[in-house]
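*Asks:* Pasting a structure below so you can have a look.
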Amino acid sequence: PGGGPRAARNGRVEIHDVATGRLEASFRPEGIVRSVALTPTRAIVLVELLGLRRLDFYDVRSGRRITSMVPPQTLGRLLLDGNLVAYRLNDQVRVLDIATGKRRVVANTKYVTIGLSVRNGWVVWGENRNKYARIRVARAS
(Lines give C-alpha, C1' and ligand atoms only; values in the text may rest on other atoms or scores of the structure.)
Protein backbone atom coordinates (compact mmCIF):
# COMPACT_ATOMS: atom_id res chain seq x y z
CA PRO A 1 0.00 0.00 0.00
CA GLY A 2 0.97 3.63 -0.39
CA GLY A 3 1.68 4.01 -4.10
CA GLY A 4 4.98 3.67 -5.91
CA PRO A 5 8.39 2.35 -5.00
CA ARG A 6 10.18 3.45 -1.84
CA ALA A 7 13.84 4.11 -1.27
CA ALA A 8 15.55 1.37 0.73
CA ARG A 9 18.02 2.06 3.49
CA ASN A 10 21.58 1.48 2.23
CA GLY A 11 20.16 0.88 -1.26
CA ARG A 12 22.40 0.64 -4.29
CA VAL A 13 22.74 3.64 -6.61
CA GLU A 14 23.74 2.79 -10.19
CA ILE A 15 25.08 5.12 -12.86
CA HIS A 16 24.57 3.93 -16.44
CA ASP A 17 25.79 5.28 -19.77
CA VAL A 18 22.62 6.59 -21.42
CA ALA A 19 23.73 5.67 -24.95
CA THR A 20 24.86 2.10 -24.24
CA GLY A 21 23.10 1.21 -21.00
CA ARG A 22 26.43 0.01 -19.64
CA LEU A 23 26.89 0.23 -15.87
CA GLU A 24 29.54 2.91 -15.22
CA ALA A 25 29.61 2.88 -11.43
CA SER A 26 27.60 1.87 -8.40
CA PHE A 27 27.73 2.60 -4.69
CA ARG A 28 25.68 2.13 -1.52
CA PRO A 29 25.29 5.27 0.59
CA GLU A 30 24.68 4.62 4.27
CA GLY A 31 21.07 5.69 4.87
CA ILE A 32 18.12 6.47 2.61
CA VAL A 33 18.83 8.27 -0.66
CA ARG A 34 16.48 11.26 -0.98
CA SER A 35 17.83 12.86 -4.16
CA VAL A 36 20.64 12.47 -6.71
CA ALA A 37 22.25 15.03 -9.02
CA LEU A 38 24.91 14.30 -11.63
CA THR A 39 27.71 16.38 -13.08
CA PRO A 40 30.13 15.04 -15.72
CA THR A 41 32.50 13.92 -12.96
CA ARG A 42 30.46 13.61 -9.75
CA ALA A 43 27.31 12.11 -8.35
CA ILE A 44 25.94 14.20 -5.50
CA VAL A 45 23.61 12.26 -3.26
CA LEU A 46 21.33 13.64 -0.56
CA VAL A 47 21.18 10.92 2.11
CA GLU A 48 19.12 10.73 5.29
CA LEU A 49 20.14 8.60 8.27
CA LEU A 50 18.40 8.72 11.66
CA GLY A 51 16.62 11.95 10.71
CA LEU A 52 19.83 13.80 9.71
CA ARG A 53 20.78 14.64 6.15
CA ARG A 54 24.14 14.86 4.42
CA LEU A 55 25.49 15.30 0.91
CA ASP A 56 27.81 12.56 -0.30
CA PHE A 57 29.99 13.17 -3.35
CA TYR A 58 31.00 10.20 -5.52
CA ASP A 59 33.29 9.83 -8.51
CA VAL A 60 31.01 8.82 -11.41
CA ARG A 61 33.65 6.58 -13.00
CA SER A 62 34.79 4.58 -9.96
CA GLY A 63 31.85 4.93 -7.57
CA ARG A 64 34.29 5.94 -4.82
CA ARG A 65 33.05 8.43 -2.24
CA ILE A 66 35.11 11.61 -2.45
CA THR A 67 33.73 13.61 0.47
CA SER A 68 30.62 14.43 2.50
CA MET A 69 29.16 17.63 3.88
CA VAL A 70 26.20 18.61 6.01
CA PRO A 71 23.58 20.47 3.96
CA PRO A 72 20.80 22.68 5.25
CA GLN A 73 18.31 20.30 6.89
CA THR A 74 15.51 21.77 4.77
CA LEU A 75 17.16 20.55 1.58
CA GLY A 76 14.63 18.06 0.20
CA ARG A 77 15.93 17.54 -3.30
CA LEU A 78 18.94 18.58 -5.30
CA LEU A 79 18.48 21.38 -7.80
CA LEU A 80 21.95 21.65 -9.27
CA ASP A 81 23.55 24.14 -11.66
CA GLY A 82 27.31 23.64 -11.79
CA ASN A 83 28.37 23.90 -8.15
CA LEU A 84 25.21 25.64 -6.95
CA VAL A 85 22.32 23.96 -5.16
CA ALA A 86 19.15 26.00 -4.59
CA TYR A 87 16.91 25.48 -1.57
CA ARG A 88 14.32 27.19 0.61
CA LEU A 89 14.77 27.90 4.32
CA ASN A 90 11.84 29.49 6.15
CA ASP A 91 11.16 32.77 4.31
CA GLN A 92 14.37 32.78 2.24
CA VAL A 93 15.56 31.32 -1.04
CA ARG A 94 19.21 30.34 -0.75
CA VAL A 95 22.04 28.71 -2.68
CA LEU A 96 24.78 26.42 -1.46
CA ASP A 97 28.09 26.28 -3.34
CA ILE A 98 29.02 22.60 -3.07
CA ALA A 99 32.63 23.32 -4.02
CA THR A 100 33.24 25.74 -1.13
CA GLY A 101 30.41 24.97 1.31
CA LYS A 102 29.41 28.66 1.32
CA ARG A 103 25.71 29.51 1.64
CA ARG A 104 24.08 32.68 0.39
CA VAL A 105 20.63 34.26 0.63
CA VAL A 106 19.26 34.95 -2.86
CA ALA A 107 15.94 36.50 -1.82
CA ASN A 108 13.56 37.01 1.07
CA THR A 109 10.02 35.83 0.44
CA LYS A 110 6.72 36.58 2.16
CA TYR A 111 4.63 33.90 0.51
CA VAL A 112 4.59 30.16 -0.14
CA THR A 113 7.51 29.24 -2.41
CA ILE A 114 6.92 26.58 -5.10
CA GLY A 115 8.75 25.17 -8.11
CA LEU A 116 12.26 26.22 -7.10
CA SER A 117 14.90 25.68 -9.82
CA VAL A 118 18.41 26.87 -10.65
CA ARG A 119 19.81 27.15 -14.18
CA ASN A 120 22.55 29.11 -15.92
CA GLY A 121 23.31 31.10 -12.79
CA TRP A 122 19.69 32.10 -12.11
CA VAL A 123 17.25 30.90 -9.46
CA VAL A 124 13.57 30.82 -10.45
CA TRP A 125 10.56 30.10 -8.25
CA GLY A 126 6.88 30.77 -7.92
CA GLU A 127 5.09 32.40 -5.01
CA ASN A 128 1.45 31.84 -4.10
CA ARG A 129 -0.43 34.52 -2.20
CA ASN A 130 -4.17 34.29 -1.70
CA LYS A 131 -5.74 34.41 -5.19
CA TYR A 132 -2.59 35.60 -6.93
CA ALA A 133 0.69 34.03 -7.93
CA ARG A 134 3.92 35.36 -9.37
CA ILE A 135 7.18 34.08 -10.79
CA ARG A 136 10.40 35.45 -9.30
CA VAL A 137 13.92 35.35 -10.72
CA ALA A 138 17.22 36.21 -9.00
CA ARG A 139 20.90 35.81 -9.79
CA ALA A 140 22.31 32.78 -8.00
CA SER A 141 25.86 34.06 -7.60
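*Asks:* For region 4-65 and region 84-99, compute the distance between their C-alpha centroids and round to whole Å.
*Replies:* Between the Cα centre of region 4-65 and that of region 84-99, the gap is 21 Å.
*Asks:* Another question, then. Gaussian network model of the chain, Cα springs within a sub-10 Å range: biggest mean-square fluctuation belongs to which of R22, R103, R53?
*Replies:* The residue with the greatest mean-square fluctuation here is R22.
*Asks:* Let me ask something additional. Near the amide H of T109, under 5 Å away, which other amide H atoms are found, from residues 5 or more places off or on another chain, if H is placed in the peptide plane?
*Replies:* The list, which skips near neighbours in sequence, is Q92, V93.
*Asks:* In whole Hz and in residue order, list the ³J(HN,Hα) couplings for region 129-141 that follow from phi through the Karplus curve 6.51 cos²θ - 1.76 cosθ + 1.60, θ = phi - 60°; x for Gly and Pro.
*Replies:* Values, residue by residue: 9, 6, 8, 10, 9, 8, 9, 10, 9, 8, 5, 7, 10 Hz.
*Asks:* Still on this structure, please answer the following. Identify which of P71, P40, P29 has the largest mean-square fluctuation in a Gaussian network model of the chain, with springs joining Cα atoms closer than 10 Å.
*Replies:* P40
*Asks:* As an exercise, find the ratio Rg/Rh for region 97-141 from alpha-carbon atoms, using the Kirkwood inverse-distance average for Rh.
*Replies:* 1.03
*Asks:* Here is a further query. Sorted by packing (mean other beta-carbon atoms within 10 Å per residue), highest first, where do 129-137, 54-62 land?
*Replies:* Result, highest mean first: 54-62, 129-137.
*Asks:* Heavy atoms of the protein only, probe of 1.4 Å, neighbouring chains included. What is the accessible area of S68 in Å², nearest 10?
*Replies:* Approximately 50 Å² for this residue.
*Asks:* Taking each pair of distinct Cα atoms in the chain once, what is the resulting Kirkwood hydrodynamic radius in Å? Intermediate values should be presented prior to the final figure.
*Replies:* Numbers: mean 1/r = 0.0611 Å⁻¹.
Result for the chain stands at 16.4 Å.
*Asks:* Of H16, V36, V112, whose Cα points farthest to the positive end of the dipole of the chain (charges on the beta-carbon: +1 Lys, Arg; -1 Asp, Glu; origin at the Cα centre)?
*Replies:* Of the listed residues, the answer is V112.
The values are calculated or read from the model by the stated rules, or taken from the named source; none is laboratory data. What you see is a predicted model; the values in this text were computed from it and never measured. Counting neighbours? That spans all protein chains shown, and the Cβs are built from the backbone with ideal geometry, glycine included. Side chains are part of the model used for accessible areas, which takes the heavy atoms of the whole protein and leaves out ligands, DNA and RNA. Shrake-Rupley method; radii C 1.70, N 1.55, O 1.52, S 1.80 Å.
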